[in-house]
Amino acid sequence: MSKPILVLNCGSSSIKYQMIDTETEEVLAKGLVQRIATGTTGTVDHEVLSGETGEFHVDQDLPNHEVALATVFKLFDEHGPDLSATVAVAHRTVHGGEKFSAPVLIDEEVVNTMKDLSPLAPLHNPAGIEGINAARKLLTDVPHVGIFDTAFFADLPAEAHTYAIDTELAKKLQIRKYGFHGTSHQFVSGEAAKLLGRDDLKQIVCHLGNGASISAVDAGHAVETSMGLTPLAGLVMGTRSGDIDPGVVAYLSRELGWDAQRIDTELNKKSGMLGLTGHTDMRDVQEAADSGDERTKVGLDVYIHRLVFYIGAYATLMGGLDAITFTAGVGENSAEIREMACERLGLFGVELDKEANATRSKSPRVISTPNSKVKVCVIPTNEELAMARQALALISK
Ligand code: ADP
C-alpha cells in the first residue's frame, strides 16, 4: 500500500494541492486552481506525475470552493491517480490560535473552533474553512486532518510570546505572539539536524520567501520566532513591512484619517521591498541594485540589516549557535542574500564557502567551510511533504 495523502492549501481564490505517496514520499499528482469566486473564468491545472503522466487544463466558472474541488476530483477520476486510494486529506490552516498546538482530526467541533479563530486571521482562516467544508462534503470516507501554521510555535516560552501590554486586554483578545510558517520551520530544522547528524543543534532558520520569518530552534524546539499575532511582524518581506514602531499606526490614522483596513493594506501589501524599492521580487531588487539604483541599494541594506539583527539576537537568546539554515524562494536561490548576511556574522565564527554558496542545487547542502564554527545550510522547504508526514503520523496513532 502506498498510503497516498491529499494535501490541500486553500486560499480565498486559489487551491494548491498535492497527492503524496507517504511510503516513497513521491508526489503522485499536483495542481493549482485559480480565480475561485472572482466573477471571472476559473482555471484548474492538474499534473499527473506517476503512471501515465500528463498535464491537464480546465477553464470553467468556479463560483465557490466546492465547485472548484469537484472539478479537481473529476480530473483525478479522468486522468488519475486513483483518488479512492487516499488514506487522508491534510488541510493547511493558517491560524490555530491557542487551541491547536498539533495536527488534529477535523470534526464539526474543530471547524467551529476554527471559525471562532477567524478574527485572528481574517484573510486566511475563512478560506481554509471553506476548503475543509467542501472537501469533507466530497470525500466523506477519509479522515481530514488540520495542520496549523502556528503549531510549531505553540510552546514558545512565555517571555517570548507575551507582549508588554495590559495582561487582561491581552487575555481577553488572545493577543500574543503565535508565529507562522511553522510547518516549514519544523521541517527545515529537522532536515538540517539530519544533514548535520545532530539533534541537539542550536539553530536559526531563515525562511526567506515572499513572506519571510526567522526562528530560533534549540534541540528541535522553537524558542523564538519573528512573526507575531499576525504574519506582519518581523523581517522585511516582499510587500509586508515587518517590524515598525507601533506608534506609526496611530500616527497614520491621525494624520491621514486612515481606518484599520487601509492601514492593514498599506503595511501588508504596499510596504516591505515593494515600498522600499518598487520591486517585490528579489531577483528584480538585485538587478536594480546591481545597476546602481541608490534607492534599491538602501532597500537591500534594510533587508539585510533586519535579518542580521535577528540572527544576533537569537544566537544570544539561545546562548550559542551551531547552525544557520536558509530556506524558501530567496533563501534557497539567492547566493547574494546569503553572502551579504553571512559576511556580517564573522563575530559568531561564520565562514561561508563562497564556491559552495554559489553552486545551484535543489538538494539540502552545507555552504560553510569545514572550519566554520557555525554551519550554514541551505535546505529546500517542502511544506506539503511535511503535512503529509504529520497527517500520516496522526491517523496511524
Ligand atoms: P511565498 O511562498 O512566500 O510566496 P516563495 O518561497 O515561493 O514565496 O518565494 C518567492 C520569492 O523567491 C520570489 O518573490 C523571489 O523574490 C524569490 N526568488 C525566487 N527565485 C529567486 C532567485 N533565483 N534569486 C533571488 N530570489 C529568488
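From the list Leu208, Leu232, pick out the single residue that is out of contact with any His (no Cβ under 8 Å at 6 or more places or on another chain), within 13 Å of the ligand (Cβ to nearest atom) and of a type outside the set (Ser, Thr, Tyr). Even if it seems obvious, please write down each step before you answer.
Numbers: Leu232 fails: within 13 Å of the ligand (Cβ to nearest atom).
Leu208 is the lone residue from the list that is out of contact with any His (no Cβ under 8 Å at 6 or more places or on another chain), within 13 Å of the ligand (Cβ to nearest atom) and of a type outside the set (Ser, Thr, Tyr).
Would it be correct to say that Gly292 is touching a residue at least 12 places away in the same chain (Cβ under 8 Å) and more than 16 Å from the ligand (Cβ to nearest atom)?
On the way: touching a residue at least 12 places away in the same chain (Cβ under 8 Å): no; more than 16 Å from the ligand (Cβ to nearest atom): yes.
No; evaluated as a whole, the condition is false for this residue.
Any idea which of Asp290, Asp281, Asp301 is under 22 Å from Ala335 (Cα atoms), of a type outside the set (Phe, Trp, Tyr), exposed (fewer than 15 other Cβ atoms within 10 Å of the Cβ) and within 18 Å of the chain's Cα centre (by Cα)? Walk me through how you get there before you give the answer.
Values: Asp290 fails: within 18 Å of the chain's Cα centre (by Cα); Asp301 fails: within 18 Å of the chain's Cα centre (by Cα).
Testing whether each residue is under 22 Å from Ala335 (Cα atoms), of a type outside the set (Phe, Trp, Tyr), exposed (fewer than 15 other Cβ atoms within 10 Å of the Cβ) and within 18 Å of the chain's Cα centre (by Cα) leaves just Asp281.
What residue, among those in the range 83-99 that are surrounded by fewer than 21 Cβ atoms within 10 Å (Cβ to Cβ) and touching a residue at least 12 places away in the same chain (Cβ under 8 Å), is nearest to Val48 (Cα to Cα)? Walk me through how you get there before you give the answer.
Pass one, the range 83-99, residues surrounded by fewer than 21 Cβ atoms within 10 Å (Cβ to Cβ): 83-87, 98-99.
Checking which are touching a residue at least 12 places away in the same chain (Cβ under 8 Å) leaves us with 83, 85-87, 98-99.
On the way: Leu83: 12, Ala85: 15, Thr86: 15, Val87: 18, Glu98: 38, Lys99: 37 Å.
The qualifying residue nearest to Val48 (Cα to Cα) is Leu83.
Does Lys270 fit the bill of being more than 20 Å from Pro231 (Cα to Cα) and of a type in the set (Lys, Arg)?
On the way: more than 20 Å from Pro231 (Cα to Cα): no; of a type in the set (Lys, Arg): yes.
Answer is no for this residue.
Got at least one residue in the range 123-134 being more than 22 Å from the chain's Cα centre (by Cα) and of a type in the set (Gly, Ala, Ser)?
Yes.
For residues that are more than 14 Å from the chain's Cα centre (by Cα) and open to solvent by less than 10 Å² (accessible area, probe 1.4 Å), scanning just the range 324-333, find the one that is nearest to Glu191 (Cα to Cα).
Taking the candidates together, the pick is Thr325.
For residues that are open to solvent by 70 Å² or more (accessible area, probe 1.4 Å) and in a loop (DSSP other than H, G, I, E, B), scanning just the range 42-68, find the one that is nearest to Pro126 (Cα to Cα).
Pro63
Give the residue, chosen from Ser226, Ser213, Ser241, that is away from the ligand (no atom under 15 Å from the Cβ), among the small types (Gly, Ala, Ser) and touching a helix residue (DSSP H, G or I) at 6+ places or on another chain (Cβ under 8 Å). Before the answer, list the steps.
Values: Ser226 fails: away from the ligand (no atom under 15 Å from the Cβ); Ser213 fails: away from the ligand (no atom under 15 Å from the Cβ).
Just one listed residue meets the conditions, Ser241.
Failed condition for Lys375, given (1) surrounded by 18 or more Cβ atoms within 10 Å (Cβ to Cβ); (2) more than 19 Å from the chain's Cα centre (by Cα); (3) more than 21 Å from Glu224 (Cβ to Cβ), with all others met?
(3)
The values are calculated or read from the model by the stated rules, or taken from the named source; none is laboratory data. Computed from a prediction, not measured in an experiment: that's the story for all the values here. As a convention, Cβ positions derive from the backbone with ideal geometry for all residues, glycine included, and neighbour counts pool all protein chains shown. The area values use the complete protein model at the heavy-atom level, side chains included, leaving out ligands, DNA and RNA. Shrake-Rupley method; radii C 1.70, N 1.55, O 1.52, S 1.80 Å.
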